[in-house]
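This report refers to the structure that appears directly beneath it.
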Amino acid sequence: MRINITARHFEGLTEGLKKDVQARLEHLEHFFPRILEARAILTEEKKRMTAEVAIHLPTGKRLVAKEQGMDMRQALDLAVK
């Protein structure tokens, strides 16, 4: 599985957060065993943190979840669930 993490207008993308995002995306393979690509787009707009997670499956389907939270980890948790 290829993993792509993008930060838009978000300066807090540390190595620790990158590892956390990667671990959460890899955990999705328990539910979808053959994910081709997983993307996480982390955005900050007017103090709102948004995490968008998209996974691409071999059947050609793309699943997307987008959630907001008080901090980036909370937004990511909500999007992955």
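The values are calculated or read from the model by the stated rules, or taken from the named source; none is laboratory data. This one's a predicted model, so the numbers in the text were calculated from it and none came from an experiment. Using ideal geometry, Cβ is built from the backbone for each residue, glycine included, and neighbour counts are taken over all protein chains shown. For accessibility, only protein heavy atoms count, side chains too; no ligands or nucleic acids. Shrake-Rupley method; radii C 1.70, N 1.55, O 1.52, S 1.80 Å.
When I3 is tested against (1) of a type in the set (A, V, I, L, M); (2) part of a strand (DSSP E or B); (3) open to solvent by less than 40 Å² (accessible area, probe 1.4 Å), exactly one condition is not met: (3). When E44 is tested against (1) exposed (fewer than 15 other Cβ atoms within 10 Å of the Cβ); (2) in contact with a His (Cβ under 6 Å, 6 or more places away or on another chain), only condition (1) is not met. For the residues E52, E15, E67, the requirement of being of a type in the set (D, E, K, R) and touching a residue at least 24 places away in the same chain (Cβ under 8 Å) singles out E52. Among residues belonging to segment 27-81 that are basic (K, R) and in a strand (DSSP E or B), point out the one that is nearest to E11 (Cα to Cα). Here the residue is R48. Taking the condition out of contact with any Gly (no Cβ under 6 Å at 6 or more places or on another chain) and either in a helix (DSSP H, G or I) or open to solvent by 80 Å² or more (accessible area, probe 1.4 Å) (or both), does L17 pass? Yes; evaluated as a whole, the condition is true for this residue.
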